[in-house]
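Each remark here refers to the structure printed beneath this line.
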Amino acid sequence: MKSIARLAFVAMLAMACSLPVRAADAKGSPEEAIALVKKAVTLIKEQGAEKAYAEISNPKGAFVDRDLYAFVFDTKAIVLAHGANAKLIKKDLSELRDADGKYFLKALIELANTKGKGWVDYKWLNPTTKAIEQKSTYIEKVGDVIVGCGIYK
C-alpha cells in the first residue's frame, strides 16, 4: 500500500513540475510566428489571394495555432484575412491604437514599406487569455499586402 501511495505522490509531483513547461508551450515562439508568416506568404503566391485569405481566416485551419494566428492587411490598414477574428475582415484599422495609444498598424505599415519585414511591439488582446498583453508582431510585405503573426510575451 505504501508503494502505491509513493507512486501516486511521485506521479502527482511529476505532473505538477511539468505544468510550467506546458503553460510555456501554450504560447507561440518568435520562430513559429515567422514560420507561420512564411507559410502564408507561400500560400498567397502559389494559390492566389482569394484561396489564401479564406484559409488564413479559417479559425480551425492551418494558420491558427494556440495563441498564434496569421492575418493580412493592405497598405491602408484594411484587413483582408484574419485567423482570430473574422469580424475584422474588410475593416479599416488605420486609426486603431493599442492599450498605450500607439498606432501599431501604422508602425507595421511603415516597417513594411521601409524594410519589407521585421518586428513591431505593442499591447493587444490575447484571444486565448482574453487579457491585454505585450505583443510583438512579425510582418512581411508581399506585393501590396502585409502578412503578419504576433507572439504574446
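Structure values in brief
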item	result
Over segment 28-152 - Rg/Rh using Cα atoms and the Kirkwood inverse-distance radius	0.92
Charge sum, other residues only, whose C-beta stays under 9 Å from residue 151's C-beta, Lys/Arg counted +1 and Asp/Glu -1	+1
Separation in nanometres of the label points that stand 7 Å from Cα toward Cβ, at residue 115 and residue 62	2.8
Top positive-direction residue, dipole computed over segment 44-153 with Cβ charges, set 118, 84, 62	84
Order by protection proxy (mean Cβ within 10 Å, highest first), peptides 33-42, 123-132, 64-73	64-73, 33-42, 123-132
Within-9-Å neighbourhood charge of residue 40 [Cβ basis; K, R +1; D, E -1]	0
Out-of-range pairs (alpha-carbon distance over 21 Å; input 27/60; 39/106; 60/102; 91/153; 51/115; 38/117)	39/106; 60/102; 91/153; 51/115
Fully extended contour minus Cα-Cα distance, from residue 136 to residue 45, at 0.36 nm per residue	30.3 nm
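Every number in this text was worked out from the coordinates using simple rules, so none of it is lab data. A quick note: this is a predicted structure, and the numbers were derived from the prediction, not measured. Ideal geometry is used to build each Cβ from the backbone, glycine not excepted, and the neighbour counts take in all protein chains shown.
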